[in-house]
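Here is the structure we will look at, set down as structure tokens.
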Amino acid sequence: MNKENNITMNELAKHLQREQPHLMRYACYRLGDADNAKDALQDAYLKLCGKLSDGTGKDVKDWRNYIFRTLSNICTSRLSQSSRFKTVPIDARLDLADIPSENNEADNQRIVQLLAEIPEEQAEVIRLRIYGNNSFADVAEILALPLPTVKSRFLYGLEKIRKAMKQTNH
Amino acid sequence: MNCKEFKEKVADLFDTTIDMHTQAECKAHMAECPECKAYYEELLEAFNALQPQEASATPSVSTPARKQHHLWRPIAAAAVFLLGFFIGWSHLFSTSAVAEAPRGQLFEQGIKSVQNVGSFQMAVYARTTPNDNFAYFAPKADFVRIDIGLLRQNDSVFYRVEKQNGRAIVFDGQTQYMWIPGALYVKGPCAANFLEHFVNLLSPERLLAMQKSAIDFSKKNEVVRTESDSTITLTFKGTEKNSDLQQLLETGKMGDCEVEVENVFTKNDGLLRFVKLRVVNHGQKTLLLHIDNIQYNVMMSRASLIQIPDTQWTDAAETTSRTADDRLGMLQNETATQAAQRILQAIISADSSQASEALVYCERMFPALSEKMKGCRVSDFKERRDGDYIGTYVFYTLTHPDGRQEQKHIAVRNDNERHIWIADGGL
């Protein structure tokens, strides 16, 4: 590996280390559990290393957004392979925002259930914004969408979640 | 701004960085349009519901349904740390400067910058209840919005701290006023310290100095710097206690509680904008409070800031100063159990003079309490101390006129200037 690739590998490693909490959290809420999220993150890392090895890494301008985009695509792929699109049976719709949590897994599931109330495209924007800690502009770049579309999906998603919370509280 | 424009811009209020002009416009519109304000609050409720709670801590006092007065002093103290980070970091944005700066020095610039802030406004979302003391946090509680505004003019400080639909405190430069709408209206001098630990939110220099001290004190207290394109984040993790922290916590103890604070600064102006405070207790993490945007040097009307309800105020200082020396001696020598007995007897017999000092914060509620406990008897008193609460819980059996019995408790504390027991909860 030449010196240029070495430098880029270092940059990649720094970005991954820095963003790991956000990446992990995003993947957890996308895939529904921590083990799957770890695997996805590992797959993303391997894919990115491969990109550097074949020399195409120097074309990447924003590594942070590229990492999120890669992880997002890997999560999509995993979900479609396992057909694990999140559905919540009607009788399992408890007080979605009020399920008392006693451990991380329960809280993860609480949030996954909240996000299952809305279309996946809106949930994806919310996940990237809140758990990935990306700005709307970053989310637009990651998803290759216009900025107004990202903001609309975010708002519509929150509106639907709020509506679902109201319905389960009555 | 009209409603259509508001709906086009409201999403910006949930971005990682918020344009001050947009925020001011939206806020002004919401002040005039209840529908848009309600819309925003609904969005915010959903946004808050999506925040990871991560875990809840185990309550340390197992008692009946009546809510506990867990003064989560370490949490409140740490909450205060963050809010002290009103700093300009522009000179620290270069990587080499940050890499070379000693850990504690990261806060020094902040201390200097804070001293120059003329005013600030922020909305804190904390897990608490609307009517409880400001120092009270509960990991299982919902988020309550607390609006804080502070103004420095000449050599005076004016502030307002207000829980949504709940307790509020105003300081007009000389007198503190504390009220719960319809239930409590009390005033006192600056030394009355109605805010308790929450007062540290209004002394950011002190908070930064304490945090710097914590960092310098022990390498087990960490600060980690991370960076994105538009922000710099300092994450503070504190476990080791030093004398400054102990002083901040007064006589409380931190126990095994670790505090993790995420402070996000915008790069373009170096100001602290977002804060998340998590408590790590026995390996479980809980998001206890977050602040989504802090505004600095905002135009503020002093008159609006220190406006108080037009009502009869109980003067906390007068109530205790009227106590004669011999009575004071008696009150100071009481145990918590004796004080609790006297307070409850005063309520049962509808004679507040028996416990006027202890019931200073409950004066308005006294008639209703007396009516409720008329004809009752109290017995079987037992004290219990909890490391997280500075006062004492006194448990007792309440026997109703019809013979029905209940196990209840009253919280009392004597950490005031005169060291006399005062009812702090449970009634």
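The values are calculated or read from the model by the stated rules, or taken from the named source; none is laboratory data. What you see is a predicted model; the values in this text were computed from it and never measured. Every residue, glycine among them, receives a Cβ derived from its backbone with ideal geometry; neighbour counts consider all protein chains shown.
Here are the numbers for the structure shown:
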| item | result |
| --- | --- |
| Only listed residue being out of contact with any Cys (no Cβ under 9 Å at 6 or more places or on another chain), surrounded by 21 or more Cβ atoms within 10 Å (Cβ to Cβ) and part of a strand (DSSP E or B), chosen from B:Val412, B:Val378 | B:Val412 |
| Number of the exception - A:Asp107 against (1) closer than 16 Å to A:Thr76 by Cα; (2) in contact with a Pro (Cβ under 8 Å, 6 or more places away or on another chain) | (1) |
| Pairs where the first residue, in the range A:50-70, is under 18 Å from A:Ala40 (Cβ atoms) and of a type in the set (Phe, Trp, Tyr) and the second is surrounded by 12 or more Cβ atoms within 10 Å (Cβ to Cβ) and at pLDDT 80 or above, C-beta under 6 Å, 6+ apart | A:Phe68/A:Gly132; A:Phe68/A:Ile142 |
| Any hit, the range A:17-26, residues being surrounded by fewer than 13 Cβ atoms within 10 Å (Cβ to Cβ), part of a helix (DSSP H, G or I), modelled with pLDDT under 80 and within 14 Å of chain B (Cβ to nearest Cβ) | yes |
| Candidates B:Ile347, B:Ile291 - the one that is modelled with pLDDT of 80 or more, within 25 Å of B:Ile146 (Cα to Cα), surrounded by 19 or more Cβ atoms within 10 Å (Cβ to Cβ) and away from chain A (no Cβ under 14 Å) | B:Ile291 |
| Residues being of a type outside the set (A, V, I, L, M), farther than 21 Å from B:Asn293 by Cα and in a loop (DSSP other than H, G, I, E, B) - total across the range B:138-162 | 4 |
| Qualifying positions in the range B:388-409 - farther than 30 Å from B:Pro181 by Cα and either in contact with a Gly (Cβ under 6 Å, 6 or more places away or on another chain) or buried (at least 18 other Cβ atoms within 10 Å of the Cβ) (or both) | B:Pro401 |
| Residues (facing chain B (nearest Cβ under 8 Å) and either farther than 25 Å from A:Ser135 by Cα or modelled with pLDDT of 95 or more (or both)) located in the range A:159-170 | A:Met165 |
| Residue selected from the range A:55-78 under the condition among the hydrophobic types (A, V, I, L, M, F, W, C) and under 14 Å from the mean Cα position of the chain (by Cα), by the criterion surrounded by the fewest Cβ atoms within 10 Å (Cβ to Cβ) | A:Ile74 |
| Matching entry among B:Glu357, B:Glu417, B:Glu363 (being outside the structural domain of B:Phe134 (by TED's automatic domain parsing), under 19 Å from B:Ala183 (Cα atoms) and surrounded by fewer than 20 Cβ atoms within 10 Å (Cβ to Cβ)) | B:Glu363 |
| The range A:96-119 - residue that is over 21 Å from A:Asp35 (Cα atoms) and at pLDDT 70 or above and, of those, farthest from the other protein chains (Cβ to nearest Cβ) | A:Pro119 |
| In the range A:132-156, residue surrounded by the most Cβ atoms within 10 Å (Cβ to Cβ) [restricted to those that are facing another protein chain (nearest Cβ under 8 Å) and in contact (Cβ under 8 Å) with a residue 24 or more places away in the chain] | A:Asn134 |
| Flag if A:Leu52 is under 13 Å from the mean Cα position of the chain (by Cα) and at negative phi | no |
